[in-house]
Structures are given as structure tokens and as C-alpha cells.
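Engineer: Below you'll find the structure I mean.
The values are calculated or read from the model by the stated rules, or taken from the named source; none is laboratory data. Predicted model only: the values in this text are computed from it and were never measured. Reconstructed Cβ throughout: ideal geometry from the backbone, glycine too, with neighbour counts over all protein chains shown. SASA here: full protein model, heavy atoms, side chains in, ligands and nucleic acids out. Shrake-Rupley method; radii C 1.70, N 1.55, O 1.52, S 1.80 Å.
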Amino acid sequence: MQVSPKALYSLAFFLFLTICVGLLLKQSLGFLQEAESRKVSDLYQGFVAEIQNKGDSALTVAATISSMPLYIDAVIRGDRAYLRRELSDTWTMLNQRFNVRQFQFHAPDADSFLRLHSPDEYGDSLADFRFTVVQSQNTNQPVVGLEKGVYGVGIRGVEPLTDPVSKQNVGSVEIGFAVDETFLEGFRQRRGADVALYLLRDGQLQPYISTWEGASIDEQALAHAIVEPVQWLTEQEEVHYRLYADRLEDFSGKVIGAVVVRMDRQFYQQSKNNAWWLASGTLIAALTITVLLNLSLVKLQRKAKVVAQKDVELKQSQQAKQSMLAYIVEKEKMASLGQIVFGVAHEINTPLGVAITANSCLLSSTAEIEKKYTDGLLSKSCLKEYLRYTEESGGLVDKNLKRLSNLIHDFKLLAVNKQAGEEQVFSLAEAIHSAVYSLQDALDRNNVTLSIDIPEGLMIKGSSLEFMNIARHAVTNALQHGMVEGKGGQVDISARVEADQLVLSFQDDGMGIDAEALEHIFEPFYTTARSKQCTGLGLSIIYNVVMQKYQGRVDVRSPVSEQRGFNISIFLTIAQLPSEQRRYYTLCDAGAEAKSIQQG
């Protein structure tokens with residue numbers, strides 16, 4: 001039996017299409033597998049991030065309490081009654097609204113001074129098991145993170161208490177959240193994934209708490225999780241899950257257990273099934289088309305007049321088939337890639353990616369023009385096009401690298417490290433610009449225009465971080481309390497020197513604040529926007545820094561004009577004016593010794 005060349009061509013085409021569909025199916029399944037693995041890993045990272053966020057909240061509250069001189073004096077005097085009377089309402093609010101479980105003052109040597117959550121129990125030593133307290137008092141530094149205690153695992157934020165006169169540690173204050181069923185259930189509701197905690201006891205991982213029951217845990221995989229992350233699949237009640245286990249570390253970086261996250265694989269399984277069905281349908285359609293084409297070719301051989309018409313139909317059919325295949329490939333790629341990059345995008349990726357791409361294209365174009373030059377095929381039009389392309393690509397690289405440089409510069413300025421609180425000579429304008437940079441997205445979302453009027457040459461000796469925090473809290477206060485969502489507005493920041501004072505002003509044209517609330521705005525935890533999850537600490541922090549650190553003054557005014565607006569002005573006393581050898585303003589700093597910094 002002799003097979004016609006056209007039939008061989010059709011068969012070869014079908015085999016080629018089968019190979020292509022198989023490769024695309026393999027690539028799509030690989031993308032889905034990677035996306036599924038990355039998703040469950042991101043869930044673990046999200047759980048760790050929630051623990052870190054809780055710790056930051058605890059430390060913020062503890063830091064606010066520790067900055068109050070009256071509370072420090074009460075600890076020094078041993079006046080538990082005063083602390084209990086003054087902070088009982090605060091404890092009730094923290095417990096009921098924010099689920100705080102521990103609010104405790106400690107005396108030196110880690111002895112319990114006052115448990116606001118259990119005020120009748122005090123005087124016992126915590127040194128043998130509350131190592132966050134021991135470390136905070138020994139180093140006189142804040143400590144935050146997980147700690148395994150007598151009754152379980154908690155998230156602690158511990159701030160040292162320092163005598164403002166002797167500068168000696170006189171104790172510490174602790175805010176604690178419980179890592180319990182409520183905490184895990186909240187994570188499950190927000191993220192749609194179960195989570196279980198295992199704690200190390202006598203060298204073995206033992207169950208602690210979980211949001212699901214009856215699941216079989218691979219003990220070998222779980223034991224390996226304290227060394228490196230591990231994933232595995234399981235099934236329960238005909239539901240397929242992917243599990244991810246990784247270590248659980250305390251505040252000091254010590255491994256105290258493991259976290260297991262369980263994710264329903266239904267979406268990814270359905271996506272894989274759809275990919276299989278799509279590939280099968282494509283092959284069946286291709287086979288059907290191939291058979292029909294062969295039948296058509298047989299008829300074409302018998303009828304010469306029909307050959308031309310059938311040839312046109314064949315070409316149209318091939319074009320339709322290729323368009324369908326291209327659509328399927330593009331759709332699968334986008335679906336898979338969309339899952340992979342979900343939750344991973346970072347601000348720095350965009351400028352870096354654009355710069356790398358533009359540079360790569362420029363190198364490719366350069367290689368191509370070099371080859372044309374070597375082969376003697378370089379024309380004037382090609383050279384002009386290359387120069388135009390080089391200018392565009394170079395511009396892209398320069399623009400995005402500058403943007404990347406600015407991002408890195410601003411991130412460095414915003415990073416909090418152990419040197420951040422030290423005094424230095426800095427540009428006030430640069431510090432304020434860097435501080436509000438992180439709020440630009442919030443300003444844009446609320447259609448709020450920000451204006452900064454600060455002389456570029458205004459140099460200050462002090463803590464740049466404190467001024468940046470003042471700016472961020474003031475602008476955030478304007479966004480949260482002054483602006484009506486979607487209505488837009490204006491925030492103006494200005495600074496000037498008047499006689500022996502530096503005046504820093506923040507003013508908005510929002511709805512202002514009534515006279516009754518204006519009397520309480522510097523009180524800790526007082527807020528008119530509790531429904532927006534505001535803690536009422538922003539203006540209190542500003543007030544404490546200005547009054548205690550710099551012995552300054554804070555004035556507020558509302559309304560500013562036409563029954564609208566809010567203005568907060570900060571007055572800081574200048575200790576030394578600039579001179580030829582010292583080209584900066586030295587501010588009065590309570591308890592700080594003046595140091596001479598020479599600048600050219």
C-alpha cells in the first residue's frame with residue numbers, strides 16, 4: 001500500500017502538534033506546581049509576619065508606657081496602687097479591644113512588681129523562665145518576640161524603665177499577646193488556611209494548638225522541619241491538602257517548635273485537570289482536523305477543479321488552528337504566571353526589571369549592529385535606528401536606576417537600627433522628605449496634595465529618626481482624622497527659625513476637631529477614630545518626644561479657617577546658633593551633653 005506524500009505530511013504535522021501540546025502541558029503543570037508550593041510557603045511567611053506585627057504592636061504600647069515619667073516614678077517608689085488606679089482603664093481597653101493578655105510591670109532582677117491582668121499576684125521572681133524580661137533589664141534595651149512560658153507561648157514586647165536622673169534601669173514594662181486558638185482561628189479566617197503549632201519538649205515535637213483535628217501528620221517530615229522547610233501532600237475526608245512545615249523561633253532566634261500550614265489544593269487540582277482536558281481536547285481536535293484534511297486531499301486528487309478550493313480551506317483551517325493554539329498557550333501562561341508572582345511583587349522589582357531588560361536589549365542591539373558592521377551590511381538607516389534605540393534604552397536604564405537608587409536611599413533612611421537614635425548633623429528637609437515618602441501611596445489614594453516648605457540649608461544636630469517619626473505621625477494623623485475619603489485635601493509642612501526657636505508646623509485643610517476633643521488629643525490611647533483601628537498614640541508620641549527629649553512646646557489650633565483645618569506647631573529651643581566652624585543649629589536636649597562636630 002502506497003501512502004501519499006500529503007498523508008505523510010499530515011501525520012508528521014499531527015505528531016509535531018502532539019509533541020508541542022505535550023511540552024506546553026508539562027510547562028503549565030510545572031508552573032501550577034511551583035505556584036502551589038510558593039502559595040503555601042507564603043502562607044507560612046504570612047503567619048510569621050502576623051506574629052511580628054503583634055510583637056511590634058506590643059512593643060509600641062510598652063514603649064509608650066515606659067516613656068511616662070509618672071509611671072517610672074511610681075515603680076521607683078513602689079506605688080502599685082497608683083499604677084493600678086491610673087492604668088486599670090487602659091488595661092481594660094487593651095484587653096477588650098486588642099486581646100492583650102498580659103500587662104505587667106517588673107522590678108529589677110526580673111521580680112514581678114504589678115500584674116494589671118492579675119493585680120493581686122506580685123513579688124514572685126520571673127528570672128528562671130521569663131528571659132525576655134531578663135534580657136531587657138540586663139541590656140537596658142527593648143526586647144520583642146515569641147517566648148515559651150509556663151502556660152504556653154506568648155508574643156512579648158518588653159521595654160526597660162530608666163530612671164531619668166540616674167539613667168539606671170529600675171525595671172521594665174511588658175505587653176503580651178497569647179498565641180492561642182483565637183489567634184490561630186483569626187489567621188485561618190483571614191488567609192483561608194489551617195495552621196498548627198508543635199512545641200519542642202524533651203527533644204521531641206509535641207502538639208500544642210491547631211485549627212483542625214484528625215489530620216495525619218508525617219512525623220518524619222515534621223521532625224525535619226526544624227532543620228529546613230518541608231512540604232508534603234495529604235488527604236482527609238476526600239479533600240486534598242498541601243502541608244508546609246518550618247521552624248518556630250523565639251525572640252532570641254532559638255528553635256522552640258514548628259509551624260504547620262495546611263492549604264486546600266482544590267483550586268490547583270482543578271487547574272491541572274483543566275490543563276489536561278484542554279490538552280486532550282486540542283489533540284482530539286487536531287486529530288479530527290487531520291483526518292478531515294486527509295479525506296479532503298483524497299477528493300482533491302480525484303477532482304482537479306476542487307483542488308484549489310480545498311487548498312484555500314486547508315490554509316484557513318491551519319490559521320484558525322494556530323490562532324487557537326496561540327490563545328490557549330497565552331492563556332495558560334498568564335494563569336500560571338499570575339499564581340507564581342502572587343504575593344511576591346516588591347517595589348524594587350519594577351525599576352530593576354526595567355533597567356535589566358533595557359540593558360539586555362541594548363546589548364543585543366549592539367551585537368546585531370556590530371555583526372552588520374563586520375559583514376559590511378551596516379547602512380545609514382540602520383545606524384540611525386540603532387542610535388535612536390540606544391538613546392531610548394539608555395534613558396530607560398538611567399531613569400530606573402535613579403529610581404532604584406532613590407528607593408534604596410530612602411529605605412536606608414527609614415531602617416531602624418541601633419545607631420538610628422544617636423545624635424547627628426542632618427538636613428531637616430531631607431529627613432522630612434524621607435519620612436513622608438513611605439506615605440505617598442496613602443496620600444495618592446486619598447487624593448491629598450503634600451507641600452513641604454523647608455530651607456535646604458537648614459541643618460540640625462539631633463536625632464533624625466525622631467524628627468522623621470514626628471513627621472510620619474503628624475501626616476498620618478491628618479490622613480486618618482482630617483480627610484474625608486475621596487474628597488481630597490492639602491497638607492502643608494513648613495519649618496523656620498524665629499529668634500532662638502525652631503518652629504516646625506503641620507497644617508491640613510480637613511474637617512478639623514471640636515473643642516472638647518482638642519483638650520484630650522495628647523492623652524495616650526485617646527482617639528476619635530477607634531472604628532478605623534487607630535490606637536490614639538500618634539500625637540501622644542509627638543508630645544512626649546518634644547516635651548521630654550527637647551524641652552519644647554506643642555501648640556494645636558482648630559479650626560484654622562472657615563471652620564475647617566487643623567494645625568500643630570512644634571517649638572524647639574535652640575541652644576547654639578550656627579557659626580563659621582559650626583554650620584548647624586544645636587537644639588536643647590534634656591540630659592544630653594553638648595558635643596562639637598566640625599564640618600567644612
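Engineer: Confirm whether N138 is open to solvent by less than 60 Å² (accessible area, probe 1.4 Å) and of a type outside the set (G, A, S).
Structural biologist: It is false that N138 is open to solvent by less than 60 Å² (accessible area, probe 1.4 Å) and of a type outside the set (G, A, S).
Engineer: Please enumerate the residues belonging to the stretch 233-259 that are surrounded by fewer than 20 Cβ atoms within 10 Å (Cβ to Cβ), among the charged types (D, E, K, R) and within 20 Å of F47 (Cα to Cα).
Structural biologist: R247, E249, D250, K254
Engineer: Name the pairs whose Cβ atoms lie under 9 Å apart, with the first residue in the stretch 480-502 and open to solvent by 20 Å² or more (accessible area, probe 1.4 Å), the second among the basic types (K, R), and 6 or more positions between them or separate chains?
Structural biologist: Note: pairs meeting the criteria are Q480/K532; H481/K532; E485/R445; Q501/R553.
Engineer: Something else about it: Take the residues in the stretch 260-271 that are open to solvent by 30 Å² or more (accessible area, probe 1.4 Å) and touching a residue at least 12 places away in the same chain (Cβ under 8 Å); name whichever of them is nearest to R188 (Cα to Cα).
Structural biologist: D264
Engineer: Related question: What are the residues in the stretch 538-571 that are in a loop (DSSP other than H, G, I, E, B), buried (at least 19 other Cβ atoms within 10 Å of the Cβ) and at negative phi, if any?
Structural biologist: Y550, G552, S558
Engineer: Next question. Give the residue that is nearest to L83 (Cα to Cα), with candidates limited to residues of the stretch 150-195 that are surrounded by fewer than 17 Cβ atoms within 10 Å (Cβ to Cβ) and small (G, A, S).
Structural biologist: Result: S166.
Engineer: Could you tell me whether any residue of the stretch 509-516 is open to solvent by less than 40 Å² (accessible area, probe 1.4 Å), touching a Gly at 6+ places or on another chain (Cβ under 6 Å) and within 13 Å of I570 (Cβ to Cβ)?
Structural biologist: Taking every residue of the stretch 509-516 in turn, none turns out to be open to solvent by less than 40 Å² (accessible area, probe 1.4 Å), touching a Gly at 6+ places or on another chain (Cβ under 6 Å) and within 13 Å of I570 (Cβ to Cβ).
Engineer: Of everything in the stretch 211-238, what is in a strand (DSSP E or B) and either at pLDDT 90 or above or not aromatic (F, W, Y) (or both)? Give them in sequence order.
Structural biologist: Across the stretch 211-238, the qualifying residues are V230, Q231, L233, T234, E235, Q236.
Engineer: What's the total number of residues in the stretch 113-129 that are among the basic types (K, R) and at pLDDT below 90?
Structural biologist: Of the residues in that region, 0 qualify.
Engineer: Shifting gears a bit: Can you tell me which of D79, D128, D163 is under 22 Å from I541 (Cβ atoms) and of a type in the set (D, E, K, R)?
Structural biologist: D163
Engineer: Give the residue, chosen from K371, K399, K412, that is over 30 Å from E466 (Cβ atoms), at pLDDT below 85, assigned to a helix (DSSP H, G or I) and open to solvent by 90 Å² or more (accessible area, probe 1.4 Å).
Structural biologist: K399
One line per residue, one yes/no per condition, for (1) in contact with an Asp or Glu (Cβ under 9 Å, 6 or more places away or on another chain); (2) of a type in the set (S, T, N, Q); (3) within 24 Å of Y151 (Cα to Cα):
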position: Y198; (1), (2), (3): no, no, yes
position: Q204; (1), (2), (3): no, yes, yes
position: W212; (1), (2), (3): yes, no, yes
position: Q220; (1), (2), (3): no, yes, no
position: V230; (1), (2), (3): yes, no, no
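Engineer: Next up: Could you tell me whether L87 is surrounded by 17 or more Cβ atoms within 10 Å (Cβ to Cβ), modelled with pLDDT of 90 or more and part of a strand (DSSP E or B)?
Structural biologist: No: the conditions fail for L87.
Engineer: Suppose we filter S451, S540 for residues that are over 21 Å from T90 (Cα atoms), polar (S, T, N, Q) and modelled with pLDDT of 80 or more; which single one remains?
Structural biologist: Answer to the selection: S451.
Engineer: If you don't mind, there's one more thing I want to ask. So S494 fits all but one of (1) touching a Leu at 6+ places or on another chain (Cβ under 6 Å); (2) over 12 Å from S558 (Cβ atoms); (3) of a type outside the set (K, R); what number is the exception?
Structural biologist: Going through (1) touching a Leu at 6+ places or on another chain (Cβ under 6 Å); (2) over 12 Å from S558 (Cβ atoms); (3) of a type outside the set (K, R) one by one, S494 breaks only (1).
Engineer: Additional query: Can you tell which of S57, S41, S28, S37 is of a type in the set (G, A, S), open to solvent by 40 Å² or more (accessible area, probe 1.4 Å) and either assigned to a helix (DSSP H, G or I) or touching a residue at least 60 places away in the same chain (Cβ under 8 Å) (or both)?
Structural biologist: Going through S57, S41, S28, S37 in turn, just one is of a type in the set (G, A, S), open to solvent by 40 Å² or more (accessible area, probe 1.4 Å) and either assigned to a helix (DSSP H, G or I) or touching a residue at least 60 places away in the same chain (Cβ under 8 Å) (or both): S57.
Engineer: Note down all Cβ pairs under 9 Å where the first residue falls in the stretch 418-431 and is farther than 15 Å from K549 by Cβ and at pLDDT 85 or above, the second is in a loop (DSSP other than H, G, I, E, B) and of a type in the set (G, A, S), and they're at least six residues apart or on different chains.
Structural biologist: Hits for this filter: F426/S463; S427/G457; A429/G457.
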